[in-house]
Ligand code: FES
Ligand SMILES: [Fe+2]
């Protein structure tokens with residue numbers, strides 16, 4: 001990768017090509033549970049912008065630029081109530097759309113509130129997450145048709161975790177299937193207890209070097225990892241990357257909920273990892289909700305420091321519990337899959353110089369996703385709108401067995417990967 005390409009991929013601020021591209025999509029901004037009606041405003045940093053999340057008296061979520069349109073006092077200290085956020089400094093009050101609805105320090109004859117607007121980004125709330133659109137209003141696309149945004153209440157769990165590295169370093173761990181056997185270890189995967197992997201754990205164990213195949217779709221890349229099952233069949237684990245930062249993982253075995261991530265830049269050197277678990281056909285069970293909340297050895301949700309979005313095991317403590325037994329080498333302390341992923345992606349530093357990489361054949365999805373992002377960012381800079389069709393997000397991750405002589409794996413599984421209907425969901429194996 002050329003240094004200028006690294007620069008293009010890295011920068012997320014407004015006015016940069018990639019920053020402008022990211023702003024053309026609805027992105028998870030904060031969790032529903034972070035704000036309550038008439039409760040405390042919350043600081044949220046997204047794409048290098050300091051913002052305030054809040055919820056008005058009617059329960060509507062809002063996302064404002066942090067600094068008051070009058071003279072810039074932080075709205076973190078604003079008074080939230082009576083369907084508005086009132087700046088503490090001089091009392092200007094804004095509704096959830098950013099309209100100034102009161103200017104109490106101005107005499108009635110000099111008020112000009114109709115001309116004042118607090119910068120406010122549109123929000124849509126679904127299944128525990130507030131999605132926001134930070135781009136030009138006249139280019140606002142439809143909400144992506146991600147399966148987990150459209151399911152009934154109770155089918156979805158969303159978590160949010162702060163990670164100390166560039167957003168692509170986090171995301172690329174999800175589309176880098178060849179690390180499974182090395183970072184996480186086949187033995188640990190075989191011992192995983194959350195999922196009934198009675199059949200497939202042996203196939204995974206025997207196939208440390210799967211064959212990867214990708215299929216390009218509008219706004220998405222499907223990735224299939226193929227291993228031997230028996231003489232007549234292959235075992236396939238199929239996931240997807242979707243523009244610009246959404247991931248669906250291959251299905252976990254059994255009737256387990258599906259999993260995925262959205263990697264939302266805090267700024268150029270940090271990322272919010274939104275982890276999502278959902279089941280297309282049923283509500284999540286109490287047991288599953290407990291697992292997701294507490295974090296499990298092989299799951300995608302982490303154990304958090306209470307009241308924060310920082311994982312309890314993080315880089316300041318070597319990604320291990322303080323009472324963990326002594327080990328000979330640092331890597332041996334890190335036992336939890338998600339901690340292992342975080343450890344290696346953070347270990348690269350905040351924004352590893354991609355011009356110093358040496359990419360191999362198993363990095364194919366990473367290469368292709370970067371290429372798609374760069375093409376879209378360059379195109380946008382030249383005035384070409386990026387792909388934002390909501391239908392492109394109707395993609396479900398699966399695991400399945402297919403005959404070795406199948407003509408096209410993508411065609412063979414197209415139905416069950418299509419999230420247009422929950423009825424075609426097949427449990428993973
Ligand atoms: S700075 Fe907010 S009302 Fe004056
Ligand atoms: Fe991993």
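What follows is calculated from the coordinates using simple rules that are stated; it is not laboratory data. Here the structure is a predicted model, which means the values were calculated and not measured. Quick reminder, even Gly has a Cβ in these numbers, built from the backbone with ideal geometry, and neighbours come from all protein chains shown.
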Go ahead and estimate [θ] at 222 nm for the chain from helices alone: -39,500 (n - 2.57) per DSSP H run with n ≥ 4, summed, over the residue count, rounded to 500. -5000 deg cm²/dmol
Once Rh for the chain is found with the Kirkwood sum over Cα pairs, what is the Stokes-Einstein diffusion coefficient at 4 °C and 1.567 mPa s, in µm²/s? 57
Treat the count of other C-beta atoms within 10 Å as a stand-in for reagent exposure and order 200, 159, 302, 420 from fewest to most. 420, 159, 200, 302
Please report, in whole Å, how far the alpha carbons of the stretch 26-138 spread along each principal axis, starting with the longest. 45, 29, 21
Could you tell me the convex hull volume per residue, in Å³, taken over the Cα atoms of the stretch 108-189? 214
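Could you calculate the contour length gain from residue 5 to residue 50, that is, 0.36 nm times the residue separation minus the distance between their Cα atoms, to one decimal place in nm?
13.6 nm
Counting every Cα pair in the stretch 293-341, what percent are over 15 Å apart?
Pairs farther apart than 15 Å: 41 percent.
Do you know the relative contact order of the stretch 230-359, to the nearest whole percent, from alpha carbon pairs under 8 angstrom that are 6+ apart? All intermediate terms of the calculation are to be shown ahead of the outcome.
Working: 147 pairs, mean separation 17.1, N = 130.
Rounded, it is 13 percent for the stretch 230-359.
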Crossing angle, helix 337-347 versus the chain [Cα axis fit, 0-90 degrees, rounded to tens]: 70
Any chance you could list P(r) for the stretch 133-241, counting all Cα-Cα pairs in 5 angstrom bins from zero, rounded to whole %? 2, 9, 13, 16, 19, 18, 12, 5, 3, 2, 1, 0
Pairs of alpha-carbon atoms within less than 8 angstrom and 6+ residues apart define the contacts here; what relative contact order does the stretch 290-381 have, in percent? 19
How long is the gain from residue 38 to residue 392 if the chain were fully straight, where each residue apart is worth 0.36 nm and the alpha carbon distance is subtracted? 123.8 nm
Distance between the C-alpha centers of the stretch 314-372 and the stretch 374-429? Whole Å please. 27
Taking r as the C-beta separation of residue 406 and residue 182 and R0 as 25 Å, the FRET efficiency to the nearest 0.05 is 0.30
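With contacts defined as alpha carbon pairs under 8 Å and 6 or more residues apart, what's the relative contact order of the stretch 147-424 in percent?
For the stretch 147-424, the relative contact order is 26 percent.
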Tilt relative to the chain, helix 364-381 - C-alpha long axis, 0 to 90 degrees, to 10: 30
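As an exercise, use a Förster radius of 22 Å and the Cβ-Cβ distance of residue 117 and residue 76 to find the FRET efficiency, rounded to the nearest 0.05.
Rounded to the nearest 0.05, the efficiency is 0.70.
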Inter-label distance for residue 328 and residue 202, nm, one decimal - labels placed 7 Å from Cα along Cα-to-Cβ: 3.2
So what is log10(I(q)/I(0)) for the stretch 295-417 at q = 0.09, 0.14, 0.19 1/Å, when the Debye sum runs over its Cα atoms only? -0.48, -1.02, -1.16
